[in-house]
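The values are calculated or read from the model by the stated rules, or taken from the named source; none is laboratory data. Since the structure is predicted, the reported quantities are computational estimates derived from the model, not experimental observations. Reconstructed Cβ throughout: ideal geometry from the backbone, glycine too, with neighbour counts over all protein chains shown.
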Amino acid sequence: MFFSWKKCASLLGAAVCAVSFAGFAPAAEASAFQVGDQGVEIAEFQGVLVGLGYDVVADGDYGPATVEAVKDFQRKCGLEADGMVGQTTYAMLMDGRQMPEVSRGNNYISRRIVQSAIQYIGVPYVFGGTSPYGFDCSGYVQYVFANCGMSLPRTADDQYEIGIPLEQRELRTGDLVYFSTYTYGASHVGIYLEDGRFIHASSSRGIAIDSLYDDYWVDTYIGARRVL
């Protein structure tokens, strides 16, 4: 696919898309700024989005509002609207500038996820439960992420179909871990914390923290997804 300056400029104004791209990288680029990332580089392209009239704040925190602005920008430039700023999107926003290396550690979204998750420790397990009066596993995950402005599907198997698949060694705070417990496929889900620990709605103990290295969870673990 080919993107011309005229096509993008007609949608967004001559200040944007001042470069032509041929054979651009796929939208799901290996190195891309995404929700939860922080830094000066984030603030720079947020400032461009502000100048284009998007309702974001150039605070260096890649939150849900920035995701929605990026998606709209991508749609108007004919890109796949994944809400992540890879090389193609970055160059369009930043007048052809080469995208800097993405480095990330803990970020504010993952911290908010954990803060939200742990406040419900001890809440009882209720099959089909989706509130602090009682949660099942996927209802709990959906509720915690909704508290942080992120919408997830309702069931564990549907949640397993979204996000970026991960090796266990790649896990970081806020990732989702999945298990095949009472039925085939992804039938249980939890939120990864750190050091092999995850928080989830246990059918016997309610909201609790367990270790991926416990025998039961080792035997039932099937994978992980990153949705942040």
- Is segment 128-135 home to any residue that is crowded, with 17+ Cβ neighbours inside 10 Å, closer than 30 Å to residue 68 by Cα and hydroxyl-bearing (Ser, Thr, Tyr)? no
- Residue count, segment 62-83 (criterion: at pLDDT below 95 and of a type in the set (Phe, Trp, Tyr)): 1
- Item | Residues of segment 172-228 classified as in a strand (DSSP E or B) and either of a type outside the set (Gly, Ala, Ser) or on the phi < 0 side of the Ramachandran plot (or both), total | 25
- Message: Condition (residue is in contact (Cβ under 8 Å) with a residue 40 or more places away in the chain, among the polar types (S, T, N, Q) and surrounded by 13 or more Cβ atoms within 10 Å (Cβ to Cβ)) applied to segment 175-186: is it met by at least one residue?
- Response: yes
- From 213, 143, 192, 160, residue being surrounded by 18 or more Cβ atoms within 10 Å (Cβ to Cβ) and over 21 Å from residue 120 (Cβ atoms): 160
- Can you name the condition, by its number, that residue 146 falls short on among (1) in a helix (DSSP H, G or I); (2) under 24 Å from residue 37 (Cα atoms); (3) touching a residue at least 60 places away in the same chain (Cβ under 8 Å)? (3)
- Message: The conditions are (1) at pLDDT 50 or above; (2) surrounded by fewer than 18 Cβ atoms within 10 Å (Cβ to Cβ); (3) part of a loop (DSSP other than H, G, I, E, B), and residue 36 fails exactly one of them. Which is it?
- Response: (2)
- Message: Go through segment 203-228 and report how many residues are over 24 Å from the mean Cα position of the chain (by Cα) and free of Cβ contacts under 8 Å to residues at least 24 places away in the same chain.
- Response: 6
